[in-house]
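Report on the following structure.
The values are calculated or read from the model by the stated rules, or taken from the named source; none is laboratory data. Given the structure is predicted, the values throughout are model-derived calculations rather than measurements. Note that we place each Cβ from the backbone using ideal geometry, even for glycine, and neighbour counts take in every protein chain shown. Side chains are part of the model used for accessible areas, which takes the heavy atoms of the whole protein and leaves out ligands, DNA and RNA. Shrake-Rupley method; radii C 1.70, N 1.55, O 1.52, S 1.80 Å.
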Amino acid sequence: MNILPTRLAHRIQAFRNLPFIVVTNPAIKTIHDNYVHSLAACLPWIDKKIESKEDEQGVLRAMEGLLQRHSNTIPLVARGFLEVKDYVGSETVTKFLDEHLRARIGTRLIAEQHISLHYASQPEARKDKSLSNIGVIDTQLRPSEVIRNCEDFVAEMVELNYGVRPYIVIDGEPDTQIAYIPTHLEYIMTELLKNSFRAVAEQGNEKEPIIVTIAPSPEYPSDKPLRIEDQGETSAAAGSAAGLESVAPGVTIRIRDRGGGISPEQ
């Protein structure tokens, strides 16, 4: 819990460093106040030892409240900066939004991981021995499966708008597994494939496959397996992460299409 109040305090300070007229905008002020509220909810748990189920429930409520409170942040901040664009430079806005969105991803991930681990520790969840997840992290994630799911979604969108349905061919090593967060990979791949599918459709090259290559990094040496317990985690977590010894530490995903690319002038 110690890291969350620090992250929230940095965001509050970033808002207060903006010009006063910007922070008085109703949308931006709402986001600022939400961060203050979230910080106040987390402060009682700093350095507090969790010794009872009531304490654990208190932390859980603080985490769930944080996620709910900030669920509408992106549209609010976008509307707010559109309304104050005459009072703040574009460079300032870009720098603020880049930092804000990166920080938001990290803060949400910490809260989501805690909540996921909490519910995974419940007796009914422990009965399922097939789970490969440690919280929100899937230790046996197949990028090819995520890509196929994204392909179906994006292809339907493009077909609806352009009347054609581009398709993907996956090469390289499609059976590769990595330890990663499925929702993050799904978001990244959806945005990349939307660009690729749209460009191919607009160029009239929808019959040419979009090639997605999956190239895993070398596996860890067999005599030096990845050991979660070496990183100070509990033995229970280490047991849950046993599958990490057989997955690639990383993967490169390359997307090639006949969409025309970006002209040198741009």
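Shape index of the chain: Rg/Rh, with Rg the Cα radius of gyration and Rh the Kirkwood radius from the inverse mean 1/r over Cα pairs, equals 1.02. Looking at the chain, the accessible area is 61 square angstrom per residue; that uses a 1.4 Å probe and ignores ligands, DNA and RNA.
Using a Gaussian network model of the chain in which every pair of alpha carbons under 10 angstrom is joined by a spring, one finds that among Arg79, Arg11, Arg61 the greatest mean-square fluctuation is at Arg79.
Treating each Cα of segment 58-199 as an identical point scatterer and summing with the Debye formula, the log10 of I(q)/I(0) at q = 0.12, 0.20 Å⁻¹ comes to -0.75, -1.20. Taking every DSSP helix (H) stretch of at least 4 residues in the chain, weighting each as -39,500 (n - 2.57) and dividing the sum by the residue count yields a mean residue ellipticity at 222 nm of -18000 deg cm²/dmol. Length available on full extension from Glu64 to Ile110: 0.36 nm per residue minus the Cα-Cα distance, which gives 15.4 nm. Full extension of the segment from Ala14 to Gln203, taken as 0.36 nm per residue of separation minus the current Cα-Cα distance, would add 63.7 nm. Rolling a 1.4 Å probe across all protein chains gives Cys42 an accessible area of roughly 0 Å². The number of Lys pairs in the chain with C-alpha atoms less than 28 Å apart, excluding pairs fewer than 8 positions apart on the same chain, is 8.
Of all the options Pro209, Pro182, Pro19, the one that moves most in a Gaussian network model of the chain with Cα springs shorter than 10 angstrom is Pro19. Of all DSSP beta bridges confined to the chain, the antiparallel ones make up roughly 60%.
Think of the chain as having a plus end and a minus end, set by charges on the Cβ of Lys, Arg, Asp and Glu; of Thr107, Gln122, Phe15, Phe15 sits farthest toward the positive end of this dipole.
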